[in-house]
Amino acid sequence: MKKMIEINNLGKQYANGFVALDNITLNVKKGEILALLGPNGAGKTTLISTICGIVNPTSGNVTVGGFDIIKNYRQTRSLIGLVPQELTTDAFETPWNNLTFSRGLFGLPKNPQIVERVLKDLSLWDKKDARIMTLSGGMKRRLLIAKALVHEPQVLFLDEPTAGVDVGLRQDMWRMVDKLRNQGVTIVLTTHYIEEAEAIADRIGVISGGKLLLVEDKQSLMARMGQKQLKVELMESLDSIPAVLSEQGFLLSEDHLSIIYHYDKDAPEVDIAGLLQSVSIAGLGVKDIHTQQSSLEEIFVDLVEDAV
């Protein structure tokens, strides 16, 4: 599949010596959804801002749609739509005029049909003639997304797009993201809502301290790094785990009402029946038994902690 974004050895170091991006290499395919996860200050926004031409890189190179972001700035910027974290809009303008003007900034002719479609897709049609200053915070966030889409970009960057917004907007946004992907739009998003990345992304990238720790297909990442746990809920709380169970690797939960055994889901030597028999031999009253696989959040936390 065609590479829409190509990043090679990208670095950004500020005058005070702070390294915001450390030798980032990354390719994003056309029509792909890539989620970038990382703690605050990890470099997510700096990476997006560099690709969009807002921040100048110190080293390396980036192309979007085959165009260099520095040598061919106008071509790359026309291909990109950006939804920033900050709510910055013209307070005295209307959504209709604001979007029409935004199209003009990219040298595109007026197209009322496209403006109407974008406003309707983001549930803003009934506010098209209202002053932006009268809109709620959630509606202003919708308008930022509309501005990023009105020039029909091939690449859409969403920087923490659902931070602090209502559930309705979040659901509208993910429906829109799915629709755009089906149209071949490449989408890169940063998020703190890991469950959303797990739900919609094709690949997951983890960034920390300006370094890209990994980029991997979501399913293979879960399969490669995911662990399972056997949780045995007890009829009564325990002060400590019986020695026979502790030796096998069982751990006591914080509430002392369960014992937990962690294991690799693909490990052939795990004898679940034998483990449960040991629980029975230890004389523990069992209330319930269930297993679960590690979430993407747990995998993410482990990766970041290992990188520190």
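Name the single residue, out of those in region 62-75 being polar (S, T, N, Q) and at pLDDT 95 or above, that is nearest to Glu32 (Cα to Cα). For region 62-75, the residue satisfying everything is Thr63. When Ala91 is tested against (1) within 28 Å of the chain's Cα centre (by Cα); (2) surrounded by fewer than 13 Cβ atoms within 10 Å (Cβ to Cβ), only condition (1) is not met.
In the set Lys12, Lys30, only one residue is out of contact with any Cys (no Cβ under 7 Å at 6 or more places or on another chain), crowded, with 16+ Cβ neighbours inside 10 Å, assigned by TED's automatic domain parsing to the domain that holds Asp159 and on the phi < 0 side of the Ramachandran plot; that residue is Lys12. A Cβ distance below 6 Å, combined with a sequence gap of six or more or placement on separate chains, defines the contacts here; from region 123-142, residues that are in the same structural domain as Glu86 (by TED's automatic domain parsing) and surrounded by fewer than 18 Cβ atoms within 10 Å (Cβ to Cβ) reach residues that are at pLDDT 90 or above and assigned to a helix (DSSP H, G or I) in the pairs Trp125/Leu119; Lys128/Pro95; Lys128/Trp96; Lys128/Leu119. Considering only region 148-187, state which residues are over 22 Å from Glu116 (Cβ atoms), polar (S, T, N, Q) and without any contact (Cβ under 8 Å) to a residue 40 or more places away in the chain. Within region 148-187, Thr162 is the sole residue that qualifies. Arg141 passes every criterion in (1) in contact with a strand residue (DSSP E or B) (Cβ under 9 Å, 6 or more places away or on another chain); (2) of a type outside the set (Asp, Glu); (3) in a loop (DSSP other than H, G, I, E, B); (4) more than 30 Å from Asn9 (Cα to Cα) apart from (3).
Name every residue in region 135-152 that is touching a helix residue (DSSP H, G or I) at 6+ places or on another chain (Cβ under 8 Å) and more than 22 Å from Leu189 (Cβ to Cβ), in order of residue number.
Of everything in region 135-152, just one residue is touching a helix residue (DSSP H, G or I) at 6+ places or on another chain (Cβ under 8 Å) and more than 22 Å from Leu189 (Cβ to Cβ), namely Leu135.
The residues of region 65-88 that are exposed (fewer than 14 other Cβ atoms within 10 Å of the Cβ) and at positive phi amount to a single one, Gly66.
Answer yes or no: is there a residue in region 45-54 that is in contact with a helix residue (DSSP H, G or I) (Cβ under 7 Å, 6 or more places away or on another chain), at pLDDT below 95 and either among the charged types (D, E, K, R) or surrounded by 14 or more Cβ atoms within 10 Å (Cβ to Cβ) (or both). Give the steps one after another, and end with the answer.
Going residue by residue through region 45-54, those that are in contact with a helix residue (DSSP H, G or I) (Cβ under 7 Å, 6 or more places away or on another chain) are 53.
Narrowing further to those that are at pLDDT below 95: 53.
Filter once more, so that each one left must be either among the charged types (D, E, K, R) or surrounded by 14 or more Cβ atoms within 10 Å (Cβ to Cβ) (or both): 53.
Yes; the residues of region 45-54 include at least one that is in contact with a helix residue (DSSP H, G or I) (Cβ under 7 Å, 6 or more places away or on another chain), at pLDDT below 95 and either among the charged types (D, E, K, R) or surrounded by 14 or more Cβ atoms within 10 Å (Cβ to Cβ) (or both).
I'd like the full set of residues that are surrounded by 11 or more Cβ atoms within 10 Å (Cβ to Cβ) and more than 37 Å from the chain's Cα centre (by Cα), limited to region 282-291. Lay out the reasoning, then the answer.
Looking only at region 282-291, we keep the residues that are surrounded by 11 or more Cβ atoms within 10 Å (Cβ to Cβ), and these are 282, 284, 286-287, 289, 291.
Answer for region 282-291, where residues must be surrounded by 11 or more Cβ atoms within 10 Å (Cβ to Cβ) and more than 37 Å from the chain's Cα centre (by Cα): Ala282, Leu284, Val286, Lys287.
The values are calculated or read from the model by the stated rules, or taken from the named source; none is laboratory data. What you see is a predicted model, and the numbers here were worked out from it, not measured in a lab. Please note: Cβ atoms are built from the backbone with ideal geometry, for glycine as well, and neighbour counts cover all protein chains shown.
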